[in-house]
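Take a look at the structure set out below.
The values are calculated or read from the model by the stated rules, or taken from the named source; none is laboratory data. The structure presented is a predicted model; accordingly, all values stated were derived computationally and were not measured. Don't worry about glycine lacking a Cβ; one is built from the backbone with ideal geometry, like all the others, and counts go over all protein chains shown. Just so you know, the surface numbers come from the protein's heavy atoms only, side chains and all, with ligands and any DNA or RNA stripped out. Shrake-Rupley method; radii C 1.70, N 1.55, O 1.52, S 1.80 Å.
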Amino acid sequence: MRKLVGLLTVFIIVITIFIFMPFICGIYLQHHFNNVLAFYSSPGNTRVQLTHYKRHWFTSDATITLEIINPKFNAALITLGITYNVIPKKYIIDQHIQHGPLIYHTIAEPSSIFGMAAIQSKLQLSPQMLIFLQQLGVNTPFTQINDDLVTFSGKYFKHFKIGLLDKKYLESRVHLKINSLEGHLWIWPGQPHFSGDLVLQATEMTDESNSLIVPRIILQFDQKQNNNHLWLGSSALLIPDMALHTENDDSLSIKYLKFSGFVEEVTGMLNASRQFDIAKFKINDETIGPVHLQIKANGVNSKALFNLIQAYREIMQRGELYQSQLKQKMLLMLPSLINSGTRIQLDALDIDTSAGKLQINGGLVWDMDNASVPDDVGELVTAANGQMNLHIAKKLLDKCIQLATYLPGFSQPTPELQHIYWAARQDMYFAMQHNNYIIAVFKQNNLLSEASAIALLQLMRERVPLQDYAAELRRLLFNRTISLTTGYWLYWQYTEIERPLSLMAAVTQQNQDAIRQSLHEQLDQWIKAGYVVVDYKDYVVSIKQEQGKIKINGRDVTQP
């Protein structure tokens, strides 16, 4: 009998809890609702307000408005082809709230069946909103999931999924497609702290000649704001696969790209680490990888970094008062980041290629009295002690030298070569204009069809070799589209374009050969001086700085 009474008592208590707890949970949630809205509000960017809240016993209903007050947001939408008049001034969201403690309401991927409340959110789709979404390229209803679970500790678990984006930009002829964006977030409304992951599925960006395909992008994070409003914690970006094709038939593919890092604060000093990895990437027929980068910074002044970021934002918002103001301001404030004991460490930069490996490591440390903190960047560099070690394969360095000759601005050609190049460029421009005129005259006199004229003009714009242009003329001649005389005139005219083109290519090649020879001569001089050591198939360089003195491979370097 006592057991029966005990069981009945427990049953009554449980029933009482599940009857009255939803009411209590509803009161608690309504009381703390503004804390959640404050978390989503960002001064100068967003404003979130509660416009309606109706509490019942087991459920509640709320309406909130979101305003994006950052002017850059509207400017970005306009650049995407959105008409200014249809950009919503406010986004109205209806929420249906089911009170805990038992979450019986169906929400996608709940972290628990128990909690303070479960919230389902839905965006109001007014006629203006539908026009806006249509111009944005978003299918409606585009929000597939938007659920929140409020735990008993006051944390929020949010799961959302936004559907397909399909937008064609007529001016740039770019077609952007995104299959979905899905996120899982843990939010602490009472403090600036959130964690979770975002997954962007099947992103494609194409135009008439180029395409970029990224099947999946994953972002993971756990971030918390410190007293200086800097975000600390960990983050990681993962792209398993990516492919890029250009109009010149160039291609780039990347396998497993990951960028990760963390930032922590200890007694006002920041310690940070960043890691970058690529399993393999391929540029046309050249395969590179794996690539690994690991860098650390310890003992960076947290307050000084906050001041530097604030100064950067202020100058960017109001614009520079004079030329190079931003650059000079950043250089003046940079030494304040460094304290005695600050260390910057490059643990590894390793790159594997078909021509060999590149390996770099080293670090800088500032060991000084606080009274002798440098005043400018020059003193900052001189005050550091450090070492850098470099190993690079001979074949890889030869490839790097060859690549450097193709980089614009790496080395300016001589005045004589510049004069020859620009004169040839002017001749080519004149010849192209004359060719346009000849084709137009032939078309007007029915000696050349419109389709053939368009095809020949396109070949000219692409600056194809003379043999390719001649092949097209032979095709038109054999098809009896043009006469032999017309073909001769068109061929002769294109030679006037080919001649300066060949001269420009020869001048460019001559300049590249001169740069390549100069770089190899400089390398030979460094080897003779001992600044570069030959180690079988590698070149080795070790640079050490101590008390303002620099040694390269143990040899003193005279300071200016």
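Quick notes
- Each peptide among 535-543, 314-322, 384-392 gets the average number of other Cβ atoms lying within 10 Å of its residues, and from highest to lowest they stand as 384-392, 535-543, 314-322.
- Pairs of Cα atoms in the chain fall into 10 Å distance bins, from 0 up to the last occupied one, in shares of 3, 10, 15, 19, 19, 15, 10, 6, 2, 1, 0, 0 percent.
- Gyration tensor (alpha-carbon) shape descriptor, the range 132-229, a/c threshold 1.5: prolate
- Span-rule helices in the chain, defined as complete DSSP H runs reaching 24 Å or more along the axis (Cα) with Kyte mean at least 0.0: 2-40
- Using the Cβ-Cβ distance between Asp347 and Ala451 with R0 set to 56 Å, the FRET efficiency from 1/(1 + (r/R0)^6) comes to roughly 0.35.
- Distance violations [Cα-Cα > 29 Å] among Lys399/Lys544; Lys394/Lys551; Lys161/Lys258; Lys282/Lys329; Lys122/Lys168; Lys357/Lys544: Lys282/Lys329
- Residues of the chain: accessible area per residue with a 1.4 Å probe, Å²: 60
- Portion, in percent, of the accessible area of the chain that falls on carbon or sulfur, probe 1.4 Å: 58
- Around Pro335: net Lys/Arg minus Asp/Glu count, Cβ-Cβ under 10 Å: -3
- Gyration tensor (alpha-carbon) shape descriptor, the range 195-262, a/c threshold 1.5: prolate
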